[in-house]
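Here's the structure, in structure tokens; my notes come after.
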Amino acid sequence: MGVEMTTKFERICREYMPRLINDLGVTVLDAAAVFGNGGHESGGFATLQEIKPTVKGSAGGYGWFQWTGPRRRTFTAFCKSRGLKPSADEANYLFLIHELNGTERGALARLAKARTLDAKTEAFELAYERAGIKHYESRKAWALKALHAYEAANGPSVKPRLPDAAEVPIPADR
């Protein structure tokens, strides 16, 4: 029997997706779409500082979601006011919740309207990330990884449908 190795991305999804579901009342697919976008932005939460900032001379994006410009400054101030290190997973999660409960709450409405994981991933990018270059295939691949990580820890997110009473055959001997 081998030892299961988990990546940082899987660990974060397993820990924080259930919290997101509980804290915001979103679905498993919503949470997977959110974490898939974050996974794309930060290389699986491994690269918090943007490597080559799009805007020359800027500090670039930082954090799980590569917050830039005013959002980066707000993230930094948010962390400072709470005594959190911006590199800490908890700081990144709490700021995500802060934004989704405040200035970025419209992203939750877009998530709720979308029906599939792919559609939810695109909806979250459009409403929350607003990336210059979309990279949807990568975001969708990360969202699927997030869903698999969640399900590995919590069981399948889609319960098998039980047949309706009308669909259950009545034995011939009755």
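The values are calculated or read from the model by the stated rules, or taken from the named source; none is laboratory data. What you see is a predicted model, and the numbers here were worked out from it, not measured in a lab. Every residue, glycine among them, receives a Cβ derived from its backbone with ideal geometry; neighbour counts consider all protein chains shown. These area figures cover heavy atoms from the full protein model, side chains too; ligands, DNA and RNA do not enter into them. Shrake-Rupley method; radii C 1.70, N 1.55, O 1.52, S 1.80 Å.
Here are the numbers for this structure:
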| item | result |
| --- | --- |
| Interchain or long-range residues, amide H under 5 Å from Trp67's placed H | Tyr62 |
| Per-q log10 I(q)/I(0), region 61-160, q = 0.17, 0.22, 0.23 Å⁻¹ (Debye; single scatterer per alpha-carbon; no solvent) | -0.90, -1.26, -1.30 |
| Partners for Lys113 among lysines (Cα-Cα distance below 27 Å; same-chain residues under 8 apart left out) | Lys134, Lys140, Lys145, Lys159 |
| Global size of the chain as Cα Rg and Dmax, reported in angstrom | 19.0, 81 |
| Solvent exposure of the chain as accessible area per residue, Å², 1.4 Å probe | 58 |
| Cα→Cβ-extended label distance, 7 Å offset, between Ala77 and Ala131, nm | 2.8 |
| Summed side-chain charge close to Leu111 - residues other than Leu111 whose Cβ falls under 13 Å, Lys, Arg +1, Asp, Glu -1 | -1 |
| Calculated [θ] (222 nm, deg cm²/dmol) that DSSP helices of n ≥ 4 give over the chain, each run adding -39,500 (n - 2.57) | -17000 deg cm²/dmol |
| Net lengthening on full extension, Ala152/Glu90 (0.36 nm per residue, minus Cα-Cα) | 20.2 nm |
